[in-house]
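Asker: Next up is a structure, given as structure tokens.
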Amino acid sequence: MPKTLLIKNGHVIDPAQNMDEKADILIEDGKIKKIGKNLAAPAKTKTIDAKGKIVSPGFIDMHVHLREPGREDKETIHTASRAAAKGGITTVVGMPNTTPIADNQTVIEFILSKAKKESLVNIQACGAITKGEKGQEIAEIWEMKQSGAIAVSDDGFDIQNLNVYRKALQYCKTHDMPIISHTEDVNLAKDGQMHEGAVSTRLGLKGIPACAEDAATARIITLVEDVDHRMHFTHVSSKGAIDMIKLAQHKHLPVTADTTPHHFSLTDEAVANYDTNAKVNPPLRSEDHRQAILKGLKDGTLSCIVTDHAPHLWTEKQREFQSAPCGIVGFETMLSLIITNLVNTKVLTLKEALAKITINPAKAIGLKNTGTLKPGSQADITIFDPKATWTVDKTKLESKGMNTPFHGMKLHGVVTDTIVEGNHVLQNKIIKD
């Protein structure tokens, strides 16, 4: 690939710089060299004409499931990176619930080494808080950080022993390691299949009450107040949890939070025909919770958006509802759901929405020199047409997974170009393999 790249005639939106104007961007040696109007191209410079399109910092997805190592039949680091690039996502953070669990430096080093060889995008690793994600004994957090892990989480599980959680917070504070919290009281949620409410009653499925998330959020906030170490609440889905997170932020506690496109786009009605593609954890909740999520996004309580990309085999999702695994694929629909269900409905402006997938997640987990187009920063850039439409076809996704509840939906917003560290990896289709 050429060492220099010039993006011309685009409408540049960079929330980190409060920039929203037409401009050109010059890239040299994988970095943003210059940004301004009518930039001249040096000799042998590849030029991308972005006329009529938005040019943004590359998207950051801080909650994904790569499946490798251990479940390469569901997804690999390479196929995940292709799907991410197709969705304009230039940096992803892989959760630790691989096989084996990423609770030690050996697994972290394997993931990052494999990513360096096979990924089209930047892959960051998140280690487990406790050994085996069993919530009993703190994992080798310092060693994992030394090996390149940027955060820890027991995603998929919540630590029920508050003494263990408190000690983990204290240890992470010592080593400046952010925690990403999957927040759920397992006793309240036990054997639940979907949100507890009218739809679960009608379908005869055991529900997961919203208070399972609310109660767990409250107890973790008390630990954060005690230890004073940053905590990021992920895939927030209940109005009670949002209220408590907002209160914690008003008290200036080091608390941030995200939600997912499926939680702001769908309700538990999506499960009405026992559609396992709409089975997620935390579950899709009722409309009052969805409205609270929209309000939380608008007022900034929920500062980030993540996909919780979780590919499964189609045979697993074909099982009866109670036996099917939770999770959907999300890379390739993220931007379109944001534009269709947040920007076009005027919940957020486009600049506000882009902040939630660029600079805000970068700040939440301490990523440096990314999430912005500021000169000197890493040249991770996404170019997209917000007015273009497409129809989701699960059979044409880059991911190995086809488990999406959005199959057949017409959405606005199409990514045309993805640039990672100055490399042009997507131009309408994957061009760098």
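All of the numbers you see were taken from the coordinates with simple rules; none came from a lab. Quick caveat: nothing in here was measured; it's all calculated off a predicted structure. Neighbour counts are summed over all protein chains in view; Cβ atoms, including those assigned to glycine, are modelled from backbone coordinates with ideal geometry.
Asker: Which of the chymotrypsin sites (Phe, Trp or Tyr not before Pro) found in the stretch 151-183 are loop residues per DSSP with 15 or fewer other Cβ atoms within 10 Å of their Cβ?
Answerer: Answer in residue order: no site qualifies.
Asker: Also, I was wondering about something else. Sorting His229, His262 on the 10 Å Cβ count, fewest up front, what's the list?
Answerer: Arranged by neighbour count, lowest to highest, His229, His262 become His229, His262.
Asker: Between the alpha-carbon centers of the stretch 39-77 and the stretch 348-372, tell me the distance in whole angstrom.
Answerer: Cα centres, the stretch 39-77 to the stretch 348-372: 15 Å.
Asker: Kindly flag which residue pairs out of Lys295/Lys410; Lys31/Lys86; Lys51/Lys117; Lys74/Lys374; Lys246/Lys394 have an alpha-carbon separation exceeding 27 Å in this structure.
Answerer: Lys51/Lys117; Lys74/Lys374; Lys246/Lys394
Asker: Where does each of 343-349, 306-312, 362-368 land if you order them by average Cβ count within 10 Å, highest first?
Answerer: 306-312, 362-368, 343-349
Asker: Here is a follow-up. Taking Cα pairs under 8 Å and at least six residues apart, what relative contact order does the stretch 58-364 come out at, in percent?
Answerer: On the way: 643 pairs, mean separation 49.9, N = 307.
Relative contact order for the stretch 58-364 comes out at 16 percent.
Asker: Can you list the lysines whose alpha carbon is less than 19 Å from that of Lys134, not counting same-chain residues fewer than 8 positions off?
Answerer: Partners found: Lys167, Lys190.
Asker: Given Pro261, Gly87, Pro375, which one lies farthest toward the positive end of the charge dipole of the chain, if we put +1 on the Cβ of every Lys and Arg and -1 on the Cβ of every Asp and Glu?
Answerer: Value: Pro375.
Asker: Compute the angle between helix 239-250 and the longest alpha-carbon principal axis of the chain, please, reported from 0 to 90 degrees and rounded to the nearest 10.
Answerer: 70 degrees
Asker: Using 1/(1 + (r/R0)^6) with R0 = 56 angstrom and r between the beta carbons of Ala43 and Gln170, what's the FRET efficiency to the nearest 0.05?
Answerer: It comes out at approximately 0.50.
Asker: Taking 0.36 nm per intervening residue step and subtracting the Cα-Cα distance, what contour gain separates Lys190 from His252 on full extension?
Answerer: Length gained, Lys190 through His252: 19.0 nm.
Asker: Further question: With both partners inside the stretch 58-364, how many of the DSSP beta bridges are antiparallel, as a percent to the nearest 5?
Answerer: 5 percent
Asker: For Ser377, Ser119, what ranking results if the residue with the fewest other Cβ atoms within 10 Å of its Cβ goes first? Could the numbers behind the result be given before it?
Answerer: Numbers: Ser377 18, Ser119 23.
The order, fewest Cβ neighbours first, is Ser377, Ser119.
Asker: Another question about this same structure. Given only helices, namely DSSP H runs of n ≥ 4 each adding -39500 (n - 2.57), what is the per-residue ellipticity at 222 nm of the chain, to the nearest 500 deg cm²/dmol?
Answerer: Using -39500 (n - 2.57) per qualifying helix, the result is -8000 deg cm²/dmol.
Asker: Another question about this same structure. Hey, if you put +1 on the Cβ of every Lys and Arg and -1 on every Asp and Glu Cβ in the stretch 58-364, which of Ala216, Leu247, Gln322 ends up farthest toward the positive end of that dipole?
Answerer: The listed residue farthest towards the positive side: Leu247.
Asker: If you average the alpha carbon positions of the stretch 96-168 and of the stretch 391-420, how far apart do those two centres end up, in angstrom?
Answerer: 29 Å
Asker: Tell me the label-point distance for the pair Asn163, Asp393, using the 7 Å Cα-to-Cβ offset, in nm and rounded to one decimal.
Answerer: Distance between the two pseudo-spin positions: 5.8 nm.
Asker: Which of Lys374, Lys317, Lys356 has the fewest other C-beta atoms within 10 Å, and how do the rest follow up to the most?
Answerer: Working: Lys374 15, Lys317 20, Lys356 24.
Ordered by Cβ neighbours within 10 Å, fewest first: Lys374, Lys317, Lys356.
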